[in-house]
1. Measuring from label point to label point, each 7 Å out along Cα→Cβ, what is the GLU68 to TRP19 span in nm?
2. Loop-only trypsin sites (Lys or Arg not before Pro) in region 27-88, please: DSSP not H, G, I, E or B, and at most 12 other Cβ atoms within 10 Å.
3. Under the definition of Cα pairs under 8 Å and six or more residues apart, what whole-number percent is the relative contact order of region 8-93?
4. Can you tell me the mean projection area, over all orientations, of the convex hull of region 8-71's alpha carbons? Units nm², please.
5. Got a sec? Which residues in region 1-21 would a label at VAL38 touch, if it sits 7 Å along Cα→Cβ and we count backbone N under 18 Å?
6. Taking the Cα centre of region 1-54 as origin, sum charge times position over the Cβ atoms of Lys and Arg (+1) and Asp and Glu (-1), and report the length of that vector in debye to the nearest 20.
Amino acid sequence: MAKAFVSSILTANDLREGWSVFLTRDGRWSRDWADLRVAASAEEGAELSALGAAEEAARHVVGAYLVEIDAEGRAKLRRERIRAEGPTHRADLRRADALTEAA
């Protein structure tokens, strides 16, 4: 039985600054989770993956991949929440502009 598709977003790393970035609805890469483009089906997920590969080929980003999100729009994996927010062990090192909260 095939695994059901889970809503996902596209993430990568910015080549100029190294930040984790996320694709927005208007096709920009952003450091925060506001107005993200969400793939709600396998077809949309494939489209986002292809877009990520094209952005890598154009050398805009590196390491593009899909991140599964929950019903509240938060990354399902703690690793991805940490990438978005910063370290968990020292609050003074966290990104001030992070919109999600660490679990």
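Quick note: the coordinates plus some simple rules give every number you see, no bench work behind them. Please read these numbers as outputs of a predicted model, since none were measured by experiment. Because the Cβ atoms are built from the backbone with ideal geometry, glycine has one as well, and the counts that use them run over all protein chains shown.
1. With each label point 7 Å from Cα toward Cβ, the separation is 2.8 nm.
2. Details: sites: ARG28, ARG31, ARG37, ARG59, ARG74, LYS76, ARG78, ARG79, ARG81, ARG83; in loops: ARG28, ARG31, ARG37, ARG59, ARG74, LYS76.
Listed in order of number, the matching sites are ARG28, ARG59.
3. Details: 124 pairs, mean separation 25.6, N = 86.
Dividing the mean separation by the residue count of region 8-93 yields 30 percent.
4. On the way: hull surface 15.9 nm².
The directionally averaged projection comes out at 4.0 nm².
5. Output list for this probe position: 4-11.
6. Numbers: 6 positive and 8 negative charges, 18 e Å.
The dipole magnitude comes to about 80 debye.
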